[in-house]
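The values are calculated or read from the model by the stated rules, or taken from the named source; none is laboratory data. Keep in mind that this is a model prediction, so the values were computed, not measured. All Cβ positions, even for glycine, are placed from backbone atoms using ideal geometry, and neighbour counts span all protein chains on display. These area figures cover heavy atoms from the full protein model, side chains too; ligands, DNA and RNA do not enter into them. Shrake-Rupley method; radii C 1.70, N 1.55, O 1.52, S 1.80 Å.
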There are 2 protein chains.
Amino acid sequence: MTFRNAARIVVALAAGIAVTTARAEIVQRTVEYKQGDTVLEGLLAYDTAGPAKRPGVLVVHDWTGVGPYTKRRVEQLAKMGYVVFAADIYGKGVRPANPKEAAATSGPYFKDRALVRARVNAAFQELEKQPNLDKGKIAAIGYCFGGMTVLELARSGAPVAGVVSFHGILGTPTPADARNIKGKVLVLHGADDPYVPPEQVKAFEDEMNAAKVDWQLDVYSDAVHAFTIPEAGNDKSKGAAYNARADRRSWKAMEDFFAEIFSG
Amino acid sequence: MTFRNAARIVVALAAGIAVTTARAEIVQRTVEYKQGDTVLEGLLAYDTAGPAKRPGVLVVHDWTGVGPYTKRRVEQLAKMGYVVFAADIYGKGVRPANPKEAAATSGPYFKDRALVRARVNAAFQELEKQPNLDKGKIAAIGYCFGGMTVLELARSGAPVAGVVSFHGILGTPTPADARNIKGKVLVLHGADDPYVPPEQVKAFEDEMNAAKVDWQLDVYSDAVHAFTIPEAGNDKSKGAAYNARADRRSWKAMEDFFAEIFSG
């Protein structure tokens, strides 16, 4: 037993945490499920060394669908001890290969929020079925398109403890539905995001306030759309670019939010 | 040696932190200092069990001056391991007893930002003199009036690693001075703060962006002015009221910010 492991166990004991000497292993597998007649393919992940029951996190992809980026986030969250399910909003095999395809694929969903809600609720229900889920403790996070989607999940009235939007689209055709929101809302936003301009942020705040939702907005300077996605590159002038500082800070903000909504 | 202490030492060793078995004790004492001919009386605090050198935090009072609220925040920060100095912007013995007096006392400072900068820099220099300060690692935090003051400290070009404004006034008569800002800026703001309306927030963002400052703005729903101050009461309609959730979240945001600016 290394010194570091000994220390880890002492800390765990002191904190009243069940100690296991099992080696942590992240299980990750695709899961087929349906919404209506549409076959969807999500991604499930968890740590075999975790507790029998744990909070769940639903992850909703950006406009490229369930791909390598979503997979990395799912792994990160599984390592943090959550049971994680990546929703597939588009359908099995629908994986846009470039921005043009992504725009064409995502476009109809931005217009048809009823379909978005049906698809994301189907994924939510898949996560609810997991035997290692601590029932009632589910958060949903989403990136860009996925940010819009988790907000629609909340507006649909799903029993989600909290939703986190990373550089997500905040606008909705049905702002009055905010009254259905049951959980807390955290919006992580780039100050220079051209796809989410100040008037959209303002409308969102008004929507949430009118419905008395518990919301928080964190705004990061020098950040544009897609600031958590390294694949977006570093050219801010394109309107979408990675920003390491905003990525790190927004992840920490999410962790703090989870600590709050999953406590007790 | 208790089990808990043993665990603490193992953790400290594992993390490469100097271990002391001395019982933690918070030293707190008033410190007289001057700005020009004006005698000021600040408050110094630190933990005797802390490391020989540690980051410093300057705390700037709200419009009531250095009083019980400031003292509590100073103690909290000292327990976290910082060397803490509460600035006195008003002068020794100038301690407004009620809102009317506080408004009368603070008013001239809002108009005379050169005086504010001189006073807060005098306090900053007192903190810099402390033998247990890890030089170059100073943050400044402020509440309401103090939020305005720490932003002016940054605008004055003081070598501060970061400033945190809790429900602070964001406006300044000299926005071009933002170019002097050397550290990072974190603004923690109540969405319904009538003293810091949206146009003031917008002007602040524009000011910071023009000077390419590293800034972040966190906005808390249902929070008005003074949301971290229990003495403000619970009546939102007065425009100033305590909000436990925003208090807790903003303190955590400050902790995360300190972790970032004091690392390395």
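Quick look at the numbers
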{"item": "Residue check for B:K137: modelled with pLDDT of 95 or more, open to solvent by 30 Å² or more (accessible area, probe 1.4 Å), away from every other protein chain (no Cβ under 14 Å) and not in a loop (DSSP other than H, G, I, E, B)", "result": "yes"}
{"item": "Filtered residues of the range A:78-136 (kept if within 28 Å of A:K238 (Cβ to Cβ), within 19 Å of the chain's Cα centre (by Cα) and not aliphatic (A, V, I, L, M))", "result": "A:D88, A:Y90, A:R95, A:S106, A:Y109, A:F110, A:R113"}
{"item": "Candidates A:A49, A:A24, A:A6 - the one that is at pLDDT below 95, open to solvent by less than 50 Å² (accessible area, probe 1.4 Å) and more than 14 Å from every other protein chain (Cβ to nearest Cβ)", "result": "A:A49"}
{"item": "Residue among A:G162, A:G183 that alone is in contact (Cβ under 8 Å) with a residue 40 or more places away in the chain, touching a Lys or Arg at 6+ places or on another chain (Cβ under 8 Å) and under 19 Å from A:K212 (Cβ atoms)", "result": "A:G162"}
{"item": "Neighbours by Cβ (under 7 Å, 6+ apart or cross-chain): first from the range A:56-68, closer than 20 Å to A:E126 by Cα and assigned to a strand (DSSP E or B); second open to solvent by 10 Å² or more (accessible area, probe 1.4 Å) and modelled with pLDDT of 95 or more", "result": "A:G56/A:Y82; A:G56/A:Q130; A:G56/A:K137; A:V57/A:Y82; A:V59/A:R73"}
{"item": "Some residue of the range A:76-83 being within 28 Å of A:P173 (Cβ to Cβ) and not hydrophobic (A, V, I, L, M, F, W, C)", "result": "no"}
